[in-house]
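S.K.: So that we are looking at the same thing, I have put the structure below in structure tokens.
Every number in this text was worked out from the coordinates using simple rules, so none of it is lab data. Fair warning: this is a prediction, and the values are worked out from it, not measured in the lab. For neighbour counting, all protein chains shown are included, and Cβ atoms are generated from backbone atoms with ideal geometry for every residue, glycine included.
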Amino acid sequence: MMHIDVCYGLPGGASFLARVDLREGATVRDAIEASGVLRAHRDIDLTTQKIGVFGKVTPLDAALADFDRVEIYRPLKVDPKTARQRRVEKTRKAGSIEGRKWHSKDSR
């Protein structure tokens, strides 16, 4: 038997975590179905959401090893590149030293 953790991070900092015992050769899909996360959180769509094992995106038919952690990722609300650019612009407007380092030396 293999011990597998299945986790799903919820908005607001809460999370779903279940430990399941599966037979050798079980897949990511088997672990998700055995955990009950799909029944508890009906908003999960395995056809569109990414799944990973220890932070590495993995297909549903991938075999698992003992003590793996299966993670179900929520879709991003904001593109990380756009979010970073917004933070830099906000810092620049505030006039802090941190914001000034992004300006050219002539305009400091």
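S.K.: Expressed as a fraction of 2.2 N^0.38 Å, the rule-of-thumb size for a compact globular protein of N residues, what is the C-alpha radius of gyration of the chain?
M.R.: Normalised by 2.2 N^0.38 Å, the Cα Rg of the chain equals 1.56.
S.K.: Now for a different question. Which of the peptides 37-43, 65-71 is most tightly packed, and how do the rest follow, going by the mean number of other Cβ atoms within 10 Å of each residue?
M.R.: Sorting 37-43, 65-71 by mean packing, highest first, produces 65-71, 37-43.
S.K.: Would you calculate the separation in nanometres between label points at LYS56 and GLU33, each defined as 7 Å from the Cα along the Cα-to-beta-carbon direction?
M.R.: It is 2.5 nm.
S.K.: Suppose every K and R has +1 on its Cβ and every D and E has -1 on its Cβ; what is the size of the dipole of the chain about the Cα centre, in Debye to the nearest 20?
M.R.: 1260 debye
S.K.: Taking the Cβ-Cβ separation of ALA83 and MET1 as r and a Förster radius of 41 Å, what is the calculated FRET efficiency to the nearest 0.05?
M.R.: Plugging the Cβ-Cβ distance into 1/(1 + (r/R0)^6) gives 0.45.
S.K.: Relative contact order, percent, of the chain when contacts are C-alpha pairs under 8 Å separated by at least 6 residues?
M.R.: Value for the chain: 26 percent.
S.K.: Which distance in nm do the two modelled labels at LEU46 and ASP66 give, with both placed 7 Å along the Cα-to-Cβ direction?
M.R.: Once both label points are built, they end up 2.5 nm from each other.
S.K.: Would you compute, from DSSP H runs of 4+ residues alone, the mean residue ellipticity of the chain at 222 nm, taking -39500 (n - 2.57) per run and dividing by the full residue count, rounded to the nearest 500?
M.R.: -7500 deg cm²/dmol
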